[in-house]
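A.B. asks: The structure that follows is given in the form of structure tokens.
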Amino acid sequence: MDTSDFRNGLSFILDGDIFTIVEFQHVKPGKGGAFVRTKIRNLKTGGTIDKTFRAGEKIEHARLDRKPMQYLYHQGDEYFLMDTESYEQVSVPRSAIGDSVKYLKDGTEVSVIDHDGTIVGVEVPFFAELEIAETDPGVRGDTASGGSKPATLETGAVINVPFFVNIGDKVKVDTRTDSYLERVK
């Protein structure tokens, strides 16, 4: 496979690690050869780097399988997941899940990324509905457009919410940006 096959979400092997393309841009300068500027994410570490490839450069494609699993519990830095079809349980290190671990609660459906029989990553859903466990109480006169306050969710994650949100309210959160979306009935 070469750089003309690049698209967002494509996975490939580089220096023994598996990377996924977050974004890319073909550049054809007036002088010199064309190249592809990319932002890629390492699936093992979760870190992103910028890398430039020459146009037509060959890379090794990584075949990744995604399958749904259910989060059960964690013990230290090991997180236990269950295959929803075979009921087989597997454990993955915290590093395979990354920062999204703060949105996991018992029974959450996750997507496990597998490469040649080895789990290289776990993706949590983009949106989660969680209950507010701790926040300052709302005061009469606080409005929906009047700023925000920190709130701790039932999983321990801390996000900013509008003043009218109180303890016990259920909120919808974007797990990619750690942001409050709406209050859920």
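A.B. asks: Out of Ala133, Ala157, Ala96, report the one residue that is modelled with pLDDT under 85 and aliphatic (A, V, I, L, M).
C.D. replies: So the residue among Ala133, Ala157, Ala96 that is modelled with pLDDT under 85 and aliphatic (A, V, I, L, M) is Ala96.
A.B. asks: Kindly list the number of the only condition in (1) at pLDDT 90 or above; (2) over 30 Å from Gly9 (Cβ atoms) that fails for Leu72.
C.D. replies: (2)
A.B. asks: Only one of (1) modelled with pLDDT under 90; (2) outside any strand (DSSP E or B); (3) not acidic (Asp, Glu) is not met by Ile119, so which one is it?
C.D. replies: (2)
A.B. asks: Just to be sure, is Lys172 part of a loop (DSSP other than H, G, I, E, B) and either under 30 Å from Asp65 (Cα atoms) or assigned by TED's automatic domain parsing to the domain that holds Thr20 (or both)?
C.D. replies: When the stated conditions are applied, Lys172 does not pass them.
A.B. asks: A further question on this structure: In this structure, does Tyr79 turn out to be at pLDDT 90 or above, more than 15 Å from the chain's Cα centre (by Cα), surrounded by fewer than 12 Cβ atoms within 10 Å (Cβ to Cβ) and of a type outside the set (Val, Ile, Thr)?
C.D. replies: Judged against the criteria, Tyr79 is not a match.
A.B. asks: If I ask for residues that are surrounded by 13 or more Cβ atoms within 10 Å (Cβ to Cβ) and either over 22 Å from the mean Cα position of the chain (by Cα) or assigned by TED's automatic domain parsing to the domain that holds Ile97 (or both), which ones from segment 28-40 would you list?
C.D. replies: If the condition is that a residue be surrounded by 13 or more Cβ atoms within 10 Å (Cβ to Cβ) and either over 22 Å from the mean Cα position of the chain (by Cα) or assigned by TED's automatic domain parsing to the domain that holds Ile97 (or both), then Phe35, Val36, Arg37 are the ones that fit.
A.B. asks: Would you please name the residue that is surrounded by the most Cβ atoms within 10 Å (Cβ to Cβ), looking only at residues in segment 93-115 that are free of Cβ contacts under 8 Å to residues at least 40 places away in the same chain and over 19 Å from Arg41 (Cα atoms)?
C.D. replies: Once the filter is applied, the top-ranked residue is Thr108.
A.B. asks: Within the set of pairs 6+ apart or on separate chains, which have a first residue in segment 41-56 that is surrounded by fewer than 15 Cβ atoms within 10 Å (Cβ to Cβ), a second that is in a loop (DSSP other than H, G, I, E, B), and C-beta atoms under 9 Å apart?
C.D. replies: Final answer for the pair search is Arg54/Gly33; Arg54/Ala34; Ala55/Lys28; Ala55/Gly33; Ala55/Ala34; Gly56/Gly33; Gly56/Ala34.
A.B. asks: Is it the case that segment 141-153 has a residue that's exposed (fewer than 15 other Cβ atoms within 10 Å of the Cβ), at positive phi, among the small types (Gly, Ala, Ser) and modelled with pLDDT of 90 or more?
C.D. replies: Scanning segment 141-153 turns up no residue that is exposed (fewer than 15 other Cβ atoms within 10 Å of the Cβ), at positive phi, among the small types (Gly, Ala, Ser) and modelled with pLDDT of 90 or more.
A.B. asks: Does segment 41-54 include one or more residues that are part of a strand (DSSP E or B) and within 15 Å of Val120 (Cα to Cα)?
C.D. replies: The answer is yes, given that some residue of segment 41-54 is part of a strand (DSSP E or B) and within 15 Å of Val120 (Cα to Cα).
The values are calculated or read from the model by the stated rules, or taken from the named source; none is laboratory data. Computed from a prediction, not measured in an experiment: that's the story for all the values here. Methodologically, a virtual Cβ is constructed for each residue, glycine included, from the backbone with ideal geometry; neighbour enumeration extends over all protein chains shown.
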